[in-house]
Ligand code: HEM
């Protein structure tokens, strides 16, 4: 393979750092009431994230299910939070502008943001445990 596992993990870590910076900027846009750009920006960021999950993190997770690394609870929480962000993003997108859109969509988005940051911090810690 062109990349070894460690290089791939490092590249993914760099991408995740970039995504966290960008999702923070996108949330700032919402605070500034630039909602059109906020919405378009986040739609793209989550699609990039879904690709990173499918290409890098899911195969890696399947490997760790076969050979548990010893921090299974942390890994489980990381995956749950990460997948919850995707589920919330789907919910936000599907409900946005519809009659059944919840009144507290802002709270749902704040929750998605907090879960994203927590999943990232856990991922960072797991990376340190595995590779440093
Ligand atoms: C994971 C996905 C998302 C995250 C983390 C997120 C995050 C946020 C945050 C932090 C706010 C600011 C709330 C505040 O004022 O404190 C916000 C507001 C907003 N976002 Fe998102 N957002 C996401 C997805 C989306 C999508 C896909 C759309 C468009 C369909 C969207 C449209 C809006 C709108 C319209 C507001 C203003 C809501 C209001 O003030 O009532 N967001 N979002």
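Summary of values
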item: Hits in the range 1-47 - residues which are closer than 20 Å to residue 114 by Cβ, more than 16 Å from the chain's Cα centre (by Cα), surrounded by fewer than 15 Cβ atoms within 10 Å (Cβ to Cβ) and near the ligand (Cβ under 8 Å from one of its atoms); result: 31, 35
item: Scope the range 72-118; condition near the ligand (Cβ under 9 Å from one of its atoms), touching a residue at least 24 places away in the same chain (Cβ under 8 Å) and exposed (fewer than 15 other Cβ atoms within 10 Å of the Cβ); matching residues; result: 93, 96
item: Helices (runs of 4 or more DSSP H) within the range 2-93 that include 1 or more residues modelled with pLDDT under 95; result: 5-31, 58-66
item: Failed item, numbered, when residue 126 is tested on (1) surrounded by 14 or more Cβ atoms within 10 Å (Cβ to Cβ); (2) within 13 Å of the ligand (Cβ to nearest atom); result: (2)
item: Residue list for the range 62-71, restricted to those being in contact with a helix residue (DSSP H, G or I) (Cβ under 8 Å, 6 or more places away or on another chain) and exposed (fewer than 15 other Cβ atoms within 10 Å of the Cβ); result: 69
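Quick grid of which residues meet (1) touching a helix residue (DSSP H, G or I) at 6+ places or on another chain (Cβ under 8 Å); (2) more than 19 Å from residue 20 (Cβ to Cβ):
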site: 85; (1), (2): yes, no
site: 90; (1), (2): no, yes
site: 96; (1), (2): yes, yes
site: 104; (1), (2): no, yes
site: 107; (1), (2): no, yes
site: 111; (1), (2): yes, no
site: 127; (1), (2): yes, no
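The values are calculated or read from the model by the stated rules, or taken from the named source; none is laboratory data. What you are looking at is a predicted structure, and each value in this text was computed from that prediction instead of being measured. All Cβ positions, even for glycine, are placed from backbone atoms using ideal geometry, and neighbour counts span all protein chains on display.
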